[in-house]
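This report concerns only the one structure given below.
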Amino acid sequence: MKVNGIAIDDTFAEAFGMSATGVVITADSARWARQAAVTMSGFGTSVIGCGAEVGIDRELKPEETPDGRPGVRVLLFGFSPDALAPQLKNRVGQCVLTSPGSACYSGVDAKKRIGLGQGPRFFGDGFQTAKRLGKSRYWRVPVMDGEFVVEETSGVVTDAVGGGNVLILGNDRAGLLATAEAGVAAIAAVPDTITPFPGGIVRSGSKVGSKYKGMVASTNDAFCPTLRGRVKSELGPDTVAVLEIVIDGLSSEAVAAAMKAALKTIVETGAAKGVTRVSAGNYGGKLGQHHYHLRKLLP
Amino acid sequence: MSGLTFRLRAPPDERLDLSQLTPGRLAALPAAEIPRLVVGTSKSKLTVGDVFAHKGQAGDRVTIVGGSSRLDFIGDELDQGTVVVDGEVGICAGRSMRGGRLEIRGDAGAWLASGLAGGVVFVKGSAAGYVGGQRAGDKFGMTGGTVVIEGDAGDRTGERMRRGTIIVRGRCGACAGSRMLGGTIWAERGFGPATGVLMRRGTLIGPAVETMLPTFADTGRHDLVILRILSRYLAATLGPLAPRALSGGVRKFAGDLATIGKGEILITA
């Protein structure tokens, strides 16, 4: 099947159930809210190596935040609420508390909660105070530029999805990157989703296992163009590069919407930039509960 | 909206305990029982029928027309629905409320909203002392909910208050926030003497304090994020009853340093 000259594989992306939480970070300016969010999202690409997959969902207008200042919503995905709790505590404690003018609030509205300010509040060394307003409790931690305000808990959901993906193949590496960037930009407009890899794009797709002991994943040789001819390659003779967009979402619907947005952009703009084929990563459908068939998500 | 209306026949000769006149308690009674409820506090055993002419059907609203400073315990333990009093009330209105709304279109007596845990109490006039305060036998004063007083509040507003918010459009008397453990008192025209005496935690907000206690430390002017959150929270929950949002910084006094000193008086002027 071809759309606008781009071959669409008859395959599906295989994704997994995950737990997710989120925070709203505010600051005196959008720039500094974004700075804290970017810092907090660092080293948060893959749950296997980083402990959590972390990224910016979207920027918030002042009227959308609890304190009326510009904000950014950051989502964190992990294996379980228990696994997310230390990630949240450490990332907020090291990356948000330290950022000038910042405040941090729950970013997911859910009955189940995990600690948000419960750890960082102790930085106040006994001078911290709390204020409960409605159902929320806010900690005020004295810091050198005033007070760091942090909500006590954040909502956590256990029916989130991690690992939605799109593979972009083509004969122009720069054009592929530009197309992938456009795909990530399209996903950024879809609420409740993140693309946790650098700039939203992965160039090191992996397969399960390795010839080396202790390596749980290794390079996806079937999609490495420099190994074509040496291994059972999935690539045609004209493919010079493959880039992948990985998507996590608070719900399966959000991941499907994000993949749909990316596919639309890719098939509408990719051919002129050297995109020849679109595929998706899966494990034969045996590992992940969520399957997203590319052809069903086409515009 | 269905409900019952009670019209005061004449100014009462004795104090009346009107704690039974809440939507929930009245809905649980057969209609014929309502006029036989005893509300008197003397040997005369005055009943609802002796004191009020009533009409309507039990529902989510109770209206009392004709006020008196002898109408006590109105809205006692209210957990849902609305109680409206078209006039003044006596002591302990809104006592131990957990939800719903109590609206008093007149003045209120002492211990308004004592033991309040939830809901909204609105007073069109002024309130006497111990708003949201502790009564004998109570462990704390109010522990939640919101009180809005259009007029002034008497002495010891928020006595041993633990949580919740009291908004006074006018001025608080002496010793507001005395022995306070938490929560917020916002007096738009300021506070009297000895404000915050022996408060441990909590926040008092106003343009001035008549005499600042020497056990409060001046920490200077600050732009506090928590005040932005508080303003937005009150605007969202109270609508037009919310105080005007603060612009600019406040001068913070930390105290009472005669105790653990984790409370604060924030001067808005």
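The values are calculated or read from the model by the stated rules, or taken from the named source; none is laboratory data. This structure is a prediction, so every number in the text was calculated from the model and none was measured. Positions of Cβ are generated from backbone atoms using ideal geometry, with glycine treated the same way; all protein chains shown enter the neighbour counts.
Details
- Take the conditions (1) touching a Cys at 6+ places or on another chain (Cβ under 7 Å); (2) within 14 Å of chain B (Cβ to nearest Cβ); (3) surrounded by fewer than 22 Cβ atoms within 10 Å (Cβ to Cβ); residue A:25 misses just one of them, which is (3).
- Restricted to the stretch A:118-199, the set of strands (runs of 3 or more DSSP E) holding at least 3 residues that are among the hydrophobic types (A, V, I, L, M, F, W, C) and farther than 25 Å from residue A:104 by Cβ comprises A:153-170.
- Comparison of B:59, B:99, B:94 shows that the only residue that is farther than 26 Å from residue B:155 by Cβ, in a loop (DSSP other than H, G, I, E, B) and at pLDDT 95 or above is B:99.
- When residues of the stretch A:23-55 are limited to those that are assigned to a helix (DSSP H, G or I) and in contact with a helix residue (DSSP H, G or I) (Cβ under 6 Å, 6 or more places away or on another chain), the one nearest to residue A:146 (Cα to Cα): A:36
Residues are listed down the side, and each one gets a yes or a no for (1) more than 27 Å from residue B:157 (Cα to Cα); (2) in contact with an Asp or Glu (Cβ under 8 Å, 6 or more places away or on another chain); (3) touching a residue at least 12 places away in the same chain (Cβ under 8 Å):
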position: B:23; (1), (2), (3): yes, yes, yes
position: B:35; (1), (2), (3): yes, no, yes
position: B:40; (1), (2), (3): yes, yes, yes
position: B:68; (1), (2), (3): no, yes, yes
position: B:80; (1), (2), (3): no, yes, yes
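- Qualifying residue in the stretch B:229-236 (condition: among the polar types (S, T, N, Q), under 21 Å from the mean Cα position of the chain (by Cα) and farther than 25 Å from residue B:140 by Cβ): yes
- Of the residues screened, residue A:281 is not one that is surrounded by fewer than 22 Cβ atoms within 10 Å (Cβ to Cβ), at pLDDT below 95 and part of a loop (DSSP other than H, G, I, E, B).
- Unmet requirement for residue A:100, which otherwise passes all of (1) free of Cβ contacts under 8 Å to residues at least 12 places away in the same chain; (2) under 18 Å from residue A:147 (Cα atoms); (3) of a type outside the set (Ser, Thr, Tyr): (1)
- Here the condition is being in a loop (DSSP other than H, G, I, E, B), among the hydrophobic types (A, V, I, L, M, F, W, C), touching a residue at least 12 places away in the same chain (Cβ under 8 Å) and surrounded by 16 or more Cβ atoms within 10 Å (Cβ to Cβ); of A:235, A:287, it holds for A:235 alone.
- Within the stretch B:213-263, being surrounded by fewer than 17 Cβ atoms within 10 Å (Cβ to Cβ) and within 8 Å of chain A (Cβ to nearest Cβ) holds for B:222, B:223, B:237.
- Residues that are more than 14 Å from chain B (Cβ to nearest Cβ), touching a strand residue (DSSP E or B) at 6+ places or on another chain (Cβ under 6 Å), part of a loop (DSSP other than H, G, I, E, B) and more than 21 Å from residue A:249 (Cα to Cα) do occur in the stretch A:7-16, at least one of them.
- Reported count of residues in the stretch B:200-212, each being surrounded by 14 or more Cβ atoms within 10 Å (Cβ to Cβ) and either without any contact (Cβ under 8 Å) to a residue 40 or more places away in the chain or in a strand (DSSP E or B) (or both), is 6.
- Among the residues of the stretch A:116-142, the one identified as touching a Ser or Thr at 6+ places or on another chain (Cβ under 6 Å) and either within 12 Å of chain B (Cβ to nearest Cβ) or surrounded by fewer than 19 Cβ atoms within 10 Å (Cβ to Cβ) (or both) is A:140.
- The single condition from (1) over 16 Å from residue B:241 (Cβ atoms); (2) more than 14 Å from chain A (Cβ to nearest Cβ) that residue B:143 fails is (2).
- The combined condition, being in contact (Cβ under 8 Å) with a residue 12 or more places away in the chain, more than 14 Å from chain B (Cβ to nearest Cβ), surrounded by fewer than 23 Cβ atoms within 10 Å (Cβ to Cβ) and touching a helix residue (DSSP H, G or I) at 6+ places or on another chain (Cβ under 6 Å), is fulfilled by residue A:201.
- Residue A:179 vs. criteria surrounded by fewer than 16 Cβ atoms within 10 Å (Cβ to Cβ) and among the polar types (S, T, N, Q): no
- Here A:84, A:76, A:167, A:88 are screened, and the one residue that is assigned by TED's automatic domain parsing to the domain that holds residue A:292 and aliphatic (A, V, I, L, M) is A:167.
- Picking from residues in the stretch A:4-22 that are of a type outside the set (A, V, I, L, M, F, W, C), surrounded by 21 or more Cβ atoms within 10 Å (Cβ to Cβ) and in contact with a helix residue (DSSP H, G or I) (Cβ under 8 Å, 6 or more places away or on another chain), the one that is farthest from residue A:71 (Cα to Cα) is A:19.
- Of the residues making up the stretch A:254-265, at least one is assigned to a helix (DSSP H, G or I), closer than 30 Å to residue A:73 by Cβ and of a type in the set (Lys, Arg).
- Flag if residue B:167 is within 12 Å of another protein chain (Cβ to nearest Cβ), among the β-branched types (Val, Ile, Thr) and in contact with a strand residue (DSSP E or B) (Cβ under 6 Å, 6 or more places away or on another chain): no
- Residue match in the stretch A:161-169 (condition: within 14 Å of chain B (Cβ to nearest Cβ), among the hydrophobic types (A, V, I, L, M, F, W, C), in contact with a Ser or Thr (Cβ under 7 Å, 6 or more places away or on another chain) and over 25 Å from residue A:80 (Cβ atoms)): no
- For first residues located in the stretch B:115-137 and assigned to a strand (DSSP E or B), partners that are surrounded by fewer than 20 Cβ atoms within 10 Å (Cβ to Cβ) and modelled with pLDDT under 95 and lie 6+ apart or on another chain with Cβ distances below 7 Å form the pairs B:122/B:241.
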